[in-house]
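To start, the structure itself, in structure tokens.
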Amino acid sequence: MAGNSQRRGRRTASKKGATKGSGGKGRRSLQGKGPTPPADQRPGHAKARAANARSKRAATARPAAKRRGGKGSSELVVGRNSVYEALRDGVPATTLYVQQYVDSDDRVRAALQLAGDRGDVHLMEAPRPELDRMTDGLNHQGLVLQVPPYEYAHPEDLLDAAAEDAEDLLAVALDGVTDPRNLGAVVRSVSAFGGHGVVIPERRAAGMTAGAWKSSAGTAARTPVARATNLTRALEAYQKAGVMVVGLAADGEVELPELDLLDGPVCIVIGSEGKGLSRLVGETCDVRVRIPMPGGAESLNAGVAAGVVLYEAARRRA
């Protein structure tokens, strides 16, 4: 009984005594933490990872010029109109072959005038059988223009160009685009919106032909096209360098206006108009984005799609 009374007494004293407080130790938890830091200063955020990768790359920067993406093959432009338009549009050329005793019309005279004005195009006269042999019997109409092999850049060259300009990379990679005119249009858009270049795969893709040069409206002379042996590995190397890889897809999980990555280092990947992104390239992308099209069109060609996204990127970087 006495023991029970003591326990009741202790319980009563406990209830009536002073409650245990924090002793002021919890005041810090009541204090504000200040404004939310920028995205590139938040641990784990995509922009923070990109910023860290950029600083590491800058610390281990290697001298520019380096491996190249190889050379294309030489090309022949045949026919009076095609030769004239290629010379007019600034397509690189080494030699203009003119058939002996060719019937000279306005196009022939204009082509000869353009070649002479450029000063770096050799004029060669050749008999018709020789031009037939060169062109495998195509209807050359007495004019054949030789276009030299294109000197491709290496994908890492674009990173170095951006670093030299103290800018975040803005590039476009093409996956399965086989029309040279689309390639030229993309080069033109990249140049117009301040991009650093275009990446294409070595196989099953359009190269820098005379048609691509013409579609670029001369911008291919100042906007590099890099060729990758394996596009997926090239994109993975970009990711290791802190570049966000954004794929365009009709079923993308994010709409373009909602994408918050375009003001940092980014490579935009565009697939073919019919098939879109290949499976491996699509899985490599950090995010897949769709362009809202209220008009109901199912897709845009590569040149138009590139222009839309590059404009949005340039607007956010301004």
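Odds and ends about this structure:
- Debye, to nearest 20: dipole size of the stretch 197-318, +1 on Lys, Arg Cβ, -1 on Asp, Glu Cβ: 600
- Tensor-based shape of the stretch 210-318 (alpha-carbon gyration tensor, a/c under 1.5 rounded, otherwise prolate or oblate): rounded
- Rounded to the nearest 0.05, the FRET efficiency derived from the C-beta distance between Thr94 and Arg203 at R0 = 22 Å is 0.25.
- Rounded if a/c under 1.5, otherwise prolate or oblate - the stretch 80-154, Cα gyration tensor axes: oblate
- Cut-off 14 Å, label 7 Å out along Cα→Cβ of Lys71, residues of the stretch 195-235 by amide N: none
- Burial ranking of peptide ranges 168-175, 221-228 (average Cβ count within 10 Å, highest at the top): 168-175, 221-228
- Candidate aspartates and glutamates - alpha carbon under 14 Å from Lys214, same-chain residues fewer than 8 apart omitted: Glu75, Glu85, Asp89, Asp179
- Between the alpha-carbon centres of the stretch 162-178 and the stretch 215-230 there is a gap of 11 Å.
- Reachable aspartates and glutamates, given that their alpha-carbon falls under 17 Å from the alpha-carbon of Lys71 and they are not under 8 places away in the same chain: Glu151, Glu156, Asp157, Glu202
- Diagonalising the gyration tensor over the Cα atoms of the stretch 149-195 and scaling each eigenvalue by 5 before taking the square root yields semi-axes of 21, 13, 10 Å, largest first.
- Highest-first arrangement of 138-146, 152-160, where packing means the average Cβ count within 10 Å: 152-160, 138-146
- Stretching the chain fully between Glu130 and Arg316 yields a gain of 61.4 nm (0.36 nm per residue, less the alpha carbon separation).
- Between Asp105 and Thr229, the C-beta separation translates, for a Förster distance of 45 Å, into a calculated FRET efficiency of about 0.50.
Quick note: the coordinates plus some simple rules give every number you see, no bench work behind them. Since the structure is predicted, the reported quantities are computational estimates derived from the model, not experimental observations. All Cβ positions, even for glycine, are placed from backbone atoms using ideal geometry, and neighbour counts span all protein chains on display.
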